[in-house]
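See below for the structure under consideration.
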Amino acid sequence: MQQHFIYFLYSKSIDRFYIGETSKLKNRLILHQKQHYKGSFTKSAKNWEIVFSKKCDSKQDALFLEKFIKRMKSKKFILKVIKNPEILDDILNNK
């Protein structure tokens, strides 16, 4: 079974986060930095860096967490997760 990750990218130049999921974390970062995704939010900067990643048990879990965090629309929540990643385990356990 293929590993999946949820990840947060951060761009210092625009002071914004991006949340995504992937099975190939390093390759995905390279694609974001090269602005491969033409209609993507990450096209707005070239200096994205991975500030958080979490291996998930399944693609479904990674997608669930990605959608959950994006629905929060909260930079404060993202920073909380970075400081305390166990929050994501609690979210998965209560879904």
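Peptide packing for 44-52, 76-84, 61-69 was compared via the average number of neighbouring C-beta atoms within 10 Å per residue; ordered from the highest value, the list is 61-69, 44-52, 76-84.
For the chain, the per residue solvent-accessible surface stands at 66 Å², with DNA, RNA and ligands left out and a 1.4 Å probe. Computed from backbone phi, the HN-Hα couplings of the range 11-20 come to 10, 5, 5, 10, 6, 9, 9, 10, 10, x Hz, rounded to whole numbers (Karplus: 6.51 cos²θ - 1.76 cosθ + 1.60, θ = phi - 60°; Gly and Pro given as x). Charge dipole (Cα centre; +1 on Lys/Arg Cβ, -1 on Asp/Glu Cβ; no other charges) of the range 39-95 amounts to roughly 380 debye. State the percentage of accessible surface on the range 28-73 attributable to carbon and sulfur atoms; use a 1.4 Å probe and exclude ligands, DNA and RNA. That share works out to 52 percent.
Return the subset of Lys70/Lys95; Lys34/Lys75; Lys43/Lys83 for which the Cα-Cα distance in this structure is over 20 Å, preserving the input order. Where the Cα-Cα span goes over 20 Å, the pairs concerned are Lys34/Lys75; Lys43/Lys83.
Gain on full extension, evaluated as 0.36 nm per residue between Lys59 and Lys83 minus their Cα-Cα distance, stands at 6.3 nm. Here the range 50-75 is scanned for amide nitrogen atoms under 14 Å from the site 7 Å beyond the Cα of Ser23 along Cα-to-Cβ, giving 56-63. Charging the Cβ of each Asp and Glu at -1 and of each Lys and Arg at +1, and nothing else, the dipole of the chain about its Cα centre rounds to 480 debye. Here the contact order of the chain, divided by its residue count and restricted to Cα pairs under 8 Å and six or more residues apart, works out to 32 percent.
The values are calculated or read from the model by the stated rules, or taken from the named source; none is laboratory data. Since this is a predicted model, take the numbers as computed values, not measurements. When we count neighbours, we look across all protein chains shown, and the Cβ atoms used for this are built from the backbone with ideal geometry, even at glycine. Surface areas here come from the heavy atoms of the whole protein model, side chains and all, with no ligands, DNA or RNA. Shrake-Rupley method; radii C 1.70, N 1.55, O 1.52, S 1.80 Å.
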